[in-house]
Structures are given as structure tokens and as C-alpha cells.
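These notes are about the structure you will find just below.
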Amino acid sequence: MTNKNLYLSRPQLIAELGRCLACKTKPCMNACPVNCNPQEFIAKAIQNDFDGAVEAITRNNPMGQTCGLICPDKFCMRACTRSNIDFPINIPRVQATILEKYRTPQNAAHPKRPANGKKIAVVGAGPAGIAAASELSRLGYRIVLFEGFEKIGGALNLIPDNRLPFEVIGKDWSFVNDPGMIELHLNSFVENPSALLEQNFDGVIIASGEPDSIDLGIEGEQHTLSYLEYLRYPAKYAASGNVAVIGGGAVAVDCALTAVQNGAENVEMFVRRRVSDMRITGEERHALLEAGIDLTTMTRIKKIGTDGNFITLYTSKNRFNQGKLEEIPDTTIARPGFSLVIKAIGSSSERRSDSERVIAAGDCKHGGSTIVEALASGLEAARTLHQRLSVQD
């Protein structure tokens, strides 16, 4: 069941809607990678036209509810004019709440072109792949969507359930999925996407994400657990003692919070740079404080060892010297007693480049990104492929 605390109450929604200044320059829309227009859907909601608000949100965002729950505050909220007066409108949460409470199959439907007889393969059912499938099916293409995992969502499935219940991803997908135009194949890993052109596909969108964890490149790294493995199967790696998380980004925060929920007595994050350098939202910073997670910053992991059933981290301190991060000599110490060490410094994949009828989208093209940037990339890939196929006709 969906956590109701994820959404605004009716009085909270009304209060947030009433704070909109209806700026003529629409800075919130201009800051949105998918060009969603918060001013428009807020204005319609104020007039109690929630059907119109839903239509405005979903016109350019096929995963509007998911996006509203996890989109960072660096896009529309940072651009919100209210920031110069008091504090920004919580636009993402307003968006998620409207879709949760008012979206129906009727008001989320958008015009679609007739089937054009062409078939496109989309490899990967994360945000970029879902966006590409949504856009291309609207343009009249039959889509075969291949997903290597047992459920849709891609990297979204690594986000803890209390922040993003899977049912929310499923809700967005239910409004995208058109059984007459989209055919989903789960547990279907595609090793060579370009070869699909030889199987009667007119084009291919590759949206396979970043499936490989970045290595630390230090002695003893084999004693760490990849965040990809940990967040996908957290119950399997529950630890009650001291847990270390190496990394300072949003994924590292998810690992630390999950470790607390999994029963860890102490959770400590090791971050190479300063707290101010951590690329996380204010909400994520607050969650770390609320959970009592220790932040050990300006710290480098030198090597990793074991002592019986426990793991020892050998750390040294960093400092900035003329803007360049460097290790402080003679500061290496042993930090023993960890029952679990999670490596969360990022992920990678073989970078994909476009060819005439094979187009990459999302993280496998641009590197790690936010959900809304991945959605924008999927939409752009779909439109580019459509343009190229249309020219060939």
C-alpha cells in the first residue's frame, strides 16, 4: 500500500497551489528537462480543473508521479520565484499528489497517430526506455520493449520503497502501456541491440542504463559489496553491527538509510570531499540527520582488510591545496569493526553512440543522471529516430 506521507494532504495541496505567482517568464518550465509547465497545471488545479492539470503534467512526462516523488530540487524548485521571497513551492510533490489523487485513464489519454506499420525495439525499461516507448507508440510505432530484469523500472528499483514504492512505477506504466502498440518482455537481456535490426525491426533505442559498479581500485576491494547488489536485495545483506558506506551521492544516501532500516546499530558514510560538495538534496541531508548517520568527510579509503568476521578500513584525511584535493601525509589510521562495507561511488557502462537507426538514450549515453534527465533523453531519442525514419520514407 502506498505511503500516504509521500503526498500532500488536501489543505497542504491548496496551500502550495495558492503560493504560485503565475510568473509570465515561467522559470519553472524553462528549468524542467522535459519542459513540463508547472504554472499551467497549478493554474488549472486552482480552478478545480484537475482533469486539465493531469493532462498538462502527463503531456510531456510519461512518469509524472514517479518523477514527482524523487525529482531533485535543482530544477523547477531552484528556479521558482518564491525562492526570492520565502521558499520555493514544492512543485514535484504537488505534481505527484495531483496524479495520485486525480489521474484517470480518461484524463491521462493523449492523441495518438494511427499505426504506421513500423516496429521499434527498445532495450531497457527504465525511465529513458519507458519515455521512448511512450513517445514512439504515440507516433504510431509498434514497440517491443526488452527488459533484462524481472520488473520494469531499471535503476528506479534501487530506490528504497519508503521513498518510491514500486506500485507508483507501476501506476505510471499502466498509463503508458498500450497493449495494442507496446509489447513488454521481462527477463529478456539483449546482448547485441544493433543485431535486432536483422529481426525485422525498423529501429532500435538502447536505454540499458549503467549496469556496472565503479571500482575503488584499492587493495581489499573484494571485501566490499556493490550498491547495485545491496539496494536490489537489501534483506539478503541485513547487518546489525557497524556498517560503512563509501560514497557521498544520492545512491550512497539510499544505502545508508537502508542500512539503518535493516537494523544496523551504527552507519557511517565516508566521503572524499566536504559536506557542501555532496550532490544530494536538502531532503536527503535532513534524512541523514534524522536517521543519526555519521558523515566522515574529507576522507580517503586507502585499503581494506579483514579481522575474523569484521572488516577494517584504512583511511587518511584529505585537504584542498589551491583548489586541488590532496591526501594529508601521515594521517592513515585503521578503522576496524565493520560488519558490512558498501561501495557506492557510482556506476558505469559501455558508452553508446548513435548510428542511423540505433540511438542510445539515458545513462548508457550520458552517464548517471536524474530521472527527469533520463526521461528527457528517452523522449529526444524517440523523436530523433522518428525523424530519421520519416526522412527515409
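The values are calculated or read from the model by the stated rules, or taken from the named source; none is laboratory data. This is a predicted model, so every value here is computed, not measured. Cβ coordinates were reconstructed from backbone atoms using ideal geometry, including for glycine residues, and neighbour counts include every protein chain displayed. Each accessible area value is taken on the protein alone, full model and side chains, heavy atoms only, with ligands, DNA and RNA left out. Shrake-Rupley method; radii C 1.70, N 1.55, O 1.52, S 1.80 Å.
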(message) Which condition from (1) in contact with a Gly (Cβ under 9 Å, 6 or more places away or on another chain); (2) exposed (fewer than 15 other Cβ atoms within 10 Å of the Cβ) is the one that Lys118 breaks?
(response) (2)
(request) Only one of these is within 21 Å of Asp161 (Cα to Cα), assigned to a helix (DSSP H, G or I) and open to solvent by less than 20 Å² (accessible area, probe 1.4 Å): Ala45, Ala96. Name it. (result) Ala96
(request) Report yes if Gly154 is touching an Asp or Glu at 6+ places or on another chain (Cβ under 7 Å) and at positive phi, otherwise no. (result) no
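If I ask for residues that are open to solvent by 50 Å² or more (accessible area, probe 1.4 Å) and touching a helix residue (DSSP H, G or I) at 6+ places or on another chain (Cβ under 8 Å), which ones from the range 293-306 would you list? Before the answer, list the steps.
At the first step, the residues of the range 293-306 found to be open to solvent by 50 Å² or more (accessible area, probe 1.4 Å) are 294-295, 300, 302-303, 306.
If the condition is that a residue be open to solvent by 50 Å² or more (accessible area, probe 1.4 Å) and touching a helix residue (DSSP H, G or I) at 6+ places or on another chain (Cβ under 8 Å), then Leu295, Thr306 are the ones that fit.
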(request) Test Leu385 against the stated conditions and say whether it is in contact with a strand residue (DSSP E or B) (Cβ under 6 Å, 6 or more places away or on another chain), in a helix (DSSP H, G or I) and at negative phi. (result) yes
(request) Mind telling me which of the residues Glu350, Glu290 ends up being touching a helix residue (DSSP H, G or I) at 6+ places or on another chain (Cβ under 8 Å) and open to solvent by 70 Å² or more (accessible area, probe 1.4 Å)? (result) Glu350
(request) Check Ala109, Ala131, Ala121, Ala155 and return the single one that is farther than 29 Å from Asn5 by Cβ and either part of a helix (DSSP H, G or I) or at pLDDT 95 or above (or both). (result) Ala121
(request) Kindly indicate the residue of the range 140-169 that is open to solvent by 20 Å² or more (accessible area, probe 1.4 Å) and aliphatic (A, V, I, L, M) and also nearest to His386 (Cα to Cα) among those meeting that condition. (result) Ala155
(message) Restricting to the range 68-125, count the residues that are hydroxyl-bearing (Ser, Thr, Tyr) and closer than 29 Å to Leu186 by Cα.
(response) 1
(message) Considering only residues that are in a strand (DSSP E or B) and of a type in the set (S, T, N, Q), which ones fall in the range 288-329?
(response) Thr296, Thr299, Thr306, Thr312, Thr315, Ser316, Asn318, Asn321
(request) Would you mention how many residues in the range 183-242 are on the phi > 0 side of the Ramachandran plot and under 22 Å from the mean Cα position of the chain (by Cα)? (result) 2
(message) Criterion first (open to solvent by 30 Å² or more (accessible area, probe 1.4 Å), over 20 Å from Ala361 (Cβ atoms) and at pLDDT 95 or above) does Ala53 satisfy it?
(response) no
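Which of the residues belonging to the range 241-272 are closer than 20 Å to Leu325 by Cα and out of contact with any Phe, Trp or Tyr (no Cβ under 9 Å at 6 or more places or on another chain)?
Within the range 241-272, Gly249, Met269, Phe270, Val271, Arg272 qualify.
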(request) Return yes when Glu229 is assigned to a helix (DSSP H, G or I), farther than 30 Å from Gly140 by Cβ and in contact with a strand residue (DSSP E or B) (Cβ under 9 Å, 6 or more places away or on another chain) and no when it is not. (result) yes
(message) Pull out all pairs, ordered by first then second residue, where Cβ-Cβ is under 6 Å, the residues are six or more apart or on different chains, the first lies in the range 315-343 and is over 30 Å from Leu231 (Cβ atoms), and the second is assigned to a loop (DSSP other than H, G, I, E, B) and of a type outside the set (S, T, N, Q).
(response) Arg319/Ile328
